[in-house]
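Some notes on the structure that comes next.
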Amino acid sequence: MGGIDTNSNDTLIIARTGLPAAPPLPGPTLTKCARKRLQTEGVPQRGNCCISTTAIDLWERLFDEGHKADVQFHTDDGGVVYAHACIISMASPVMKGMLKKSKQKGRYQILSVGGVPHDAIRVFVRFLYSSCYENQDMADLVVPLLVLSHSFVVPQLKQICEQQLEQGLLNMENVIDIFQLALLCDAPRLSFICHRMIVKNFKDVSETEGWAAMKQSHPFLEKELLECVGHEENQTKERIRRKNERKIYLQLYEAMEALVHICRDGCRTIGPHDKVFKKDQPPCSFEACKGLELLIRHFAGCKLRVPGGCIHCKRMWQLLELHSRLCSDSDVCRVPLCRNFKDRINQQNKKDKTKWGILARKILRTKTIGVAPFFTSVYGS
Ligand SMILES: [Zn+2]
Ligand SMILES: [Zn+2]
Ligand SMILES: [Zn+2]
């Protein structure tokens, strides 16, 4: 096959970091009429067509019957496809050049095309005549058609092959081969889509024959892909870590809200001394209340109620201290020990202050609504 540069490593370079957005597909190739026809009638009887005139039938017949054909395509498997020099020369500039140098046998000019099956040549030449193809042919022969359309510079068919691959013909089994082909055939969008598929499904893809073959033929490409997979895995881990961290800060924030609410309004059975509890308390809207209620009950009754004594009490102490650091007005606050902690905080060393300050900021930031309703922005938001 002419036209494919198999030695060019330059074309094999892929992005190491981050995945840029795919370049847009080139504009529509169908005429307004043809598109309407495809939409309303579905697939025309003669397959998918990109032109909308009645000339299609004429071109199809000319190809099918080979009337006054003057070119023969010879394929490896001994097949022959007939064509007209004037038509294929107009459809492909490369074909035009090849015909100038081709051998003559009787009234036919002979073009030998190796490496692709006879059927692919037939479908390819038919497309040169009428821009038509059958869906099944496309599904079976998309790879050689992509190669042919690239080698003979038939951009319209090349674009259709790329679209068909992108819209369903690409799979785990062929993605490695198509990826390499896309790089060789200068199809950046397709190579990008393959690359994304490989990185996303690396476990499955790395078990295919295509991957094993590529390891042998293009170790450089394998190395590049492995680096991208590693990078992607790290990013996923980091995303999960950040998500979990945010969840913890959100839980702490909710506990802080519930603590203020219990100490100020009372909730179910626990509340300020002056609170009168009714038998049928309406259900509470604070998710964290139930757990906090249990913790407060424990704290009130625990014999080891010293910091570091019992894990539940330790947690309670931490919540009380955290509250105090977030609380904007300890003088009116009803949370126990709020003022005591504030006084202690003022005597604390700088290192401790910074540590708690960072935690407080992170908790407040989990609420994107800005300054939380229970706390003013002592630590910023
Ligand atoms: Zn409550
Ligand atoms: Zn305890
Ligand atoms: Zn307070």
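Could you give the C-alpha radius of gyration of the stretch 111-192 expressed as a fraction of 2.2 N^0.38 Å, taking N as the number of residues it contains?
Working: Rg = 11.8 Å, N = 82, 2.2 N^0.38 = 11.7 Å.
Taking N as the residue count of the stretch 111-192, the ratio is 1.01.
In nm, to one decimal, how far is the modelled label at His231 from the one at Asp352, with both set 7 Å along Cα→Cβ?
4.6
Fewest Cβ neighbours within 10 Å first, please rank Ser217, Ser102 accordingly.
Details: Ser217 11, Ser102 17.
The order, fewest Cβ neighbours first, is Ser217, Ser102.
For the residue pair Ile311 and Lys68, what label-to-label distance in nm results when each label sits 7 Å from Cα along the Cα-to-beta-carbon direction?
Spacing of the two 7 Å Cα→Cβ label points: 9.4 nm.
Using the Kirkwood radius over Cα pairs, work out the Stokes-Einstein diffusion coefficient for the stretch 50-195 at 20 °C and 1.002 mPa s, in µm²/s as a whole number. Show your work: numbers first, answer last.
On the way: Rh = 15.9 Å.
The estimated diffusion coefficient comes to 135 µm²/s.
If you stretched the chain out fully between Glu287 and Gln251, how much longer would it get, using 0.36 nm times the residue separation minus the C-alpha to C-alpha distance? Before the final figure, lay out the partial values.
Details: separation 36, 0.36 × 36 = 12.96 nm, distance 0.95 nm.
That works out to 12.0 nm of additional length.
Normalized C-alpha radius of gyration of the stretch 181-247, against 2.2 N^0.38 Å? It would help to have the intermediate numbers written out before the result.
Working: Rg = 14.6 Å, N = 67, 2.2 N^0.38 = 10.9 Å.
Compared with the compact-globule rule of thumb, the stretch 181-247 sits at 1.34.
Report the net charge of residues surrounding Asn346, where surrounding means a beta-carbon distance below 14 angstrom and charges are Lys +1, Arg +1, Asp -1, Glu -1. List each step's numbers first, then the result.
Working: positive: Arg325, Arg339, Lys342, Arg344, Lys350, Lys353; negative: Glu321, Asp343, Asp352.
So the surrounding residues net to +3.
Return the whole-Å distance between the Cα centroid of the stretch 61-128 and the Cα centroid of the stretch 145-185.
22
What is the list of residues in the stretch 145-166 whose amide nitrogen lies under 15 Å from a point 7 angstrom out from the Cα of Lys96, following Cα to Cβ?
Flagged as within label range: 152-155.
On average, how much area does the Cα convex hull of the stretch 228-274 cover when viewed from any direction, in nm²? Kindly include the intermediate steps, with their values, before the conclusion.
Numbers: hull surface 14.5 nm².
Averaging across all directions leaves 3.6 nm² for the Cα convex hull.
From a point 7 Å beyond the Cα of Arg239 in the direction of its Cβ, which residues of the stretch 188-212 have a backbone N at a distance under 13 Å?
Inside the label zone: 200-201.
Only counting other Cβ atoms within 10 Å, I'd like Cys302, Cys333 sorted with the fewest neighbours first.
Details: Cys302 14, Cys333 19.
By the 10 Å Cβ count, ascending: Cys302, Cys333.
Taking R0 as 56 Å, what FRET efficiency do you get between Arg107 and Arg196 from their Cβ-Cβ distance, rounded to the nearest 0.05? Could you put the intermediate results ahead of the total?
On the way: r = 51 Å, r/R0 = 0.91.
Approximately 0.65, to the nearest 0.05.
Can you give me the long-range amide H partners of Tyr133? Hydrogens built in the peptide plane at 1.01 Å from N, cutoff under 5 Å, separation of 5 or more residues or another chain.
Placed amide hydrogens put Asn48 under 5 Å from Tyr133.
Computed from the coordinates by the stated procedures, all read-outs in this text should not be read as laboratory data. Computed from a prediction, not measured in an experiment: that's the story for all the values here. Glycine gets a Cβ as well: all are built from the backbone with ideal geometry, and neighbour counts include every protein chain shown.
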